[in-house]
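What follows draws every value from the coordinates through simple rules; no lab data is involved. Small disclaimer: the values here were computed from a predicted structure and weren't measured. Cβ atoms come from the backbone with ideal geometry, glycine included; neighbour counts cover every protein chain shown.
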Amino acid sequence: MLTPFHLAFNVTDLGEARKFYCDLLGCEEGRSTESWIDFNFFGHQLSLHLGQPFESKATGHVGEHMVPMPHFGVILQMPEWQSLAEKLTSAKLDFVISPTVRFEGEPGEQATMFFFDPSGNPIEIKGFSNINAVFSS
């Protein structure tokens, strides 16, 4: 079993972050102060602090897309990914890359979607039918 990772980064507004991560993504809020909030991000700990978010640019060439770099995200089992993709699409989230499957029929076939949080932090959510294929080449 994998252990949870911890990732801390800046956001510009904790209220917007709460709405986005809790209400839209379904994350549970943990501890918080006036300057930061912890979230359970699909079993991992995100600590969002008030400050200047990191800069990102679409410099990552993956398949047919240029993706924002750096970015973070999570890998989900396909049914959970599909449910989240439907929820975000229904909420009319502005995607960088709309929910799609890439590397179809190849080792490492995966579903993906890219979007930004309200502070401009880029997020990728991947879905795998076979979680053991994450590192397939």
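Amide H contacts of residue 108 (H built 1.01 Å from N, in plane; Pro and chain starts excluded): 136 sit under 5 Å, all sequence-distant by 5 or more or on other chains.
Let's test the formula: R0 of 35 Å, r as the Cβ-Cβ distance of residue 64 and residue 5. What FRET efficiency results, to the nearest 0.05?
About 0.75, to the nearest 0.05.
Go ahead and run the numbers for FRET between residue 56 and residue 35, Cβ-Cβ distance against an R0 of 22 Å, rounding to 0.05. It comes out at approximately 0.45.
Electrostatic bookkeeping for residue 126 treats Lys and Arg as +1 and Asp and Glu as -1; over the other residues with beta carbon under 15 Å from its beta carbon, the sum is -4. Label positions at residue 47 and residue 16, each projected 7 Å from the Cα along the C-beta direction, are separated by 2.3 nm.
Non-local lysine pairs in the chain, meaning eight or more places apart or on different chains, with alpha-carbon distances under 19 Å, amount to 4.
Note on region 58-133: Rg/Rh from Cα positions, Kirkwood definition for Rh, rounded to two decimals, is 0.95. Rg/Rh, computed from the Cα trace of the chain with Rh as the Kirkwood radius, has the value 0.96. Remark on residue 96: its backbone amide H falls under 5 Å from those of 114, 115, 116, a criterion applied only to residues 5 or more positions apart or on other chains, H modelled at 1.01 Å from N. Within 15 Å, Cβ to Cβ, of residue 32, how many net charges do the neighbouring residues add up to if Lys/Arg are +1 and Asp/Glu are -1? Overall, the nearby charge balance is -3. For region 6-50, the normalised intensity computed at q = 0.19, 0.20, 0.32, 0.33 Å⁻¹ comes to -0.46, -0.51, -1.32, -1.37 (log10 of I(q)/I(0), Debye sum over alpha carbons, equal scatterers, no solvent). Sum -39500 (n - 2.57) across every DSSP H segment of at least 4 residues in the chain, then divide by the residue count to get the 222 nm mean residue ellipticity, nearest 500. After summing the helix terms and dividing by the residues of the chain, the value is -3500 deg cm²/dmol.
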